[in-house]
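Structure, as structure tokens:
The values are calculated or read from the model by the stated rules, or taken from the named source; none is laboratory data. Quick caveat: nothing in here was measured; it's all calculated off a predicted structure. Here the Cβ is made from the backbone with ideal geometry for all residues, glycine too, and neighbour counts use every protein chain on show. Accessible surface is based on the protein model in full, side chains and every heavy atom, while ligands, DNA and RNA are left aside. Shrake-Rupley method; radii C 1.70, N 1.55, O 1.52, S 1.80 Å.
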Amino acid sequence: QVQLVESGGGLVQAGGSLRLSCAASGRTIRTYARGWFRQAPGKDREFVASISYSGGTIYYADSVKGRFTITRDNAKNTVYLQMNSLKPEDTAVFYCAAALGGGGVVAALYDYWGQGTQVTVSS
């Protein structure tokens, strides 16, 4: 079984930065692709970023390219999302996810999900 726990959310002013972390338990978690998704009030969950188990393949949503960076530390079973130049439209609950397969941009391909962490960006 895999458990994912997000941390690092909070309230920040527009233009500020936050770093989200997602710690995972489970012996084989380092072989999983990892991803970040978000869901704003009244909207569907949307893809933010993903990283393959080796870190060699990374995808970003167009809306966050150049502002967000996803990384992973397999020794710590942790994936990070560095978010810079935050905008009010980034306000959402951010979820991390793990996929035994390729993962990528499709939420349905992920096998495990965290509980989410709130990110609020004030204008």
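Close Cβ contacts (under 6 Å, 6 or more residues apart or on different chains) running from residues in the range 50-77 that are under 25 Å from Gln3 (Cβ atoms) and at pLDDT below 95 to residues that are open to solvent by 30 Å² or more (accessible area, probe 1.4 Å) and in a strand (DSSP E or B) comprise Gly55/Arg72.
Selection over the range 88-107 of residues that are open to solvent by less than 30 Å² (accessible area, probe 1.4 Å), of a type in the set (A, V, I, L, M, F, W, C) and not in a strand (DSSP E or B) gives a count of 0.
Taken as a whole, the structure places Ser85 among residues that are out of contact with any Asp or Glu (no Cβ under 6 Å at 6 or more places or on another chain), touching a residue at least 40 places away in the same chain (Cβ under 8 Å) and open to solvent by 30 Å² or more (accessible area, probe 1.4 Å). Residues in the range 26-64 that are more than 15 Å from Ala75 (Cβ to Cβ), of a type in the set (Lys, Arg) and open to solvent by less than 30 Å² (accessible area, probe 1.4 Å): 1 in all.
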